[in-house]
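Here's the structure, in structure tokens; my notes come after.
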Amino acid sequence: MQSVRIVGAGSFVPRRAVGNEKIAKAIPGWPAEKIEEKTGIRERRFLWDIDAEKGVAIPPPEDASFYPACNTDMCEVALKRALEMAELDPWELDGLFLVTCAPDELNFSHDAMQLHARLGLRPDAFALVVDDGCGGTPYILDMVQRMISRGAYGTVAVIGSSFASPYVNREVFTQELFPAPGKKPLNAYLSMYVFGDGAGAVVLRGEEEGGQGILSSMSGNASGELVLRRGLGSLKLGFQGRSSLAEMAFVVDGPEVARSYPIYMKACIESVLSAHPELASEVRRYYLHQPNKRLMDHFIAQAGLDPERVACHVDRHGNTSAAGMLILLSEDLEAGTVRIGGGDLVLLAAVGANVHYGAQLVRL
């Protein structure tokens, strides 16, 4: 069995900050003050600008001078930075897995295949888009860890991304969706208030057994709908007349997220620490999924975690879904808060979508 190490990390977050006043004007629902009161989010980062008067996204000019301009571009920047930190050539990758629910094109692993071509990976290197949300990153990290530890792969990149800004549309995101018969309708505007754009990447590599690397890892599945998006599948194609505007939106079930987030996150953290209970006090940084700042703060207090050891930027970046934990790790590495090869103990955990969850305890 090989030890699986994180040897590089990189990220990209757009510079454009969209405050609550602007997003509330674009997508009416809550006033700006209520957005911050309910979520703790003051602004989110958008790659595309928005027309707040019309309530729509503004696509960038279609020329090479605007970069990054799309999901694939953001992922390319993040992955190149991760490879640079790892001091690896793209040719050394045996595969890449891109976790996202907002690719540039929906089918055929488009964005992953674009990354494969742009970076010049070997023809036999895998390239797959994994259609998943917030919990998908540690879920796939657990899968990759198992593959590398058994010698099936040597070096693999995992990328997570969120590309919310193109979805800004007043007509779509002020609709209501009924999650199930007898349940109260959910309004789609919450999704536009909480999500932001960004991409994060890590490179994992198998090495001889040692004291560093992923010390314990887990993933799991449960039945539930934390975020609903029912349109665009074969049963809900627009031209069939069987799909409503609300079903085109990502609709967050806020009450269900608030109920389930602490349950699954507690289970994730306890699971990876159960294999090494003596290390619990040594965890220097926690990189947790950030649904919003209020829910995050409540969980930190409930779990008895030291807030100074929990990385958090959701109040400034918004919820970046599958990318969030990897962006946080990359930012800490860039700032020198933790260091690859320095022996820092960190813990990653997330839950999301419908429902995937997972966690890793890692000695950097």
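Computed quantities for the displayed model
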| item | result |
| --- | --- |
| Residues within the stretch 171-222 that are surrounded by fewer than 18 Cβ atoms within 10 Å (Cβ to Cβ) and part of a loop (DSSP other than H, G, I, E, B), tallied | 14 |
| The lone exception for Asp89 - which of (1) touching a residue at least 12 places away in the same chain (Cβ under 8 Å); (2) touching a Leu at 6+ places or on another chain (Cβ under 9 Å); (3) at negative phi it fails | (1) |
| In the stretch 101-142, residue nearest to Leu47 (Cα to Cα) [restricted to those that are among the acidic types (Asp, Glu) and in contact with a Cys (Cβ under 9 Å, 6 or more places away or on another chain)] | Asp104 |
| Residue match in the stretch 94-102 (condition: part of a strand (DSSP E or B), surrounded by 18 or more Cβ atoms within 10 Å (Cβ to Cβ) and of a type in the set (Val, Ile, Thr)) | yes |
| Check on Asp111, in a helix (DSSP H, G or I), in contact with a helix residue (DSSP H, G or I) (Cβ under 6 Å, 6 or more places away or on another chain) and not polar (S, T, N, Q) | yes |
| So Ile159, is it touching a Leu at 6+ places or on another chain (Cβ under 7 Å), of a type in the set (A, V, I, L, M) and either touching a residue at least 24 places away in the same chain (Cβ under 8 Å) or over 27 Å from Ile6 (Cα atoms) (or both) | yes |
| Any hit, the stretch 205-227, residues being closer than 19 Å to Asn71 by Cα and touching a residue at least 12 places away in the same chain (Cβ under 8 Å) | no |
| Number of the exception - Ala9 against (1) in contact with a Phe, Trp or Tyr (Cβ under 9 Å, 6 or more places away or on another chain); (2) within 30 Å of Gly341 (Cβ to Cβ) | (1) |
| Members of the stretch 135-193 found to be of a type in the set (Phe, Trp, Tyr) and touching a helix residue (DSSP H, G or I) at 6+ places or on another chain (Cβ under 6 Å), listed by number | Tyr153, Phe163, Phe173, Tyr193 |
| Enumeration of residues in the stretch 17-36 that are part of a helix (DSSP H, G or I) and farther than 19 Å from Gly198 by Cα | Glu21, Lys22, Ala24, Lys25, Ala26, Ala32, Glu33, Lys34, Ile35, Glu36 |
| Of all residues in the stretch 244-303 being small (Gly, Ala, Ser) and under 24 Å from Thr337 (Cα atoms), the one that is surrounded by the fewest Cβ atoms within 10 Å (Cβ to Cβ) | Ser281 |
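Read-outs throughout are calculated quantities, based only on the coordinates presented, and are distinct from any laboratory measurement. Predicted model, so just to flag it, every value in this text is computed and none were measured. Glycine gets a Cβ as well: all are built from the backbone with ideal geometry, and neighbour counts include every protein chain shown.
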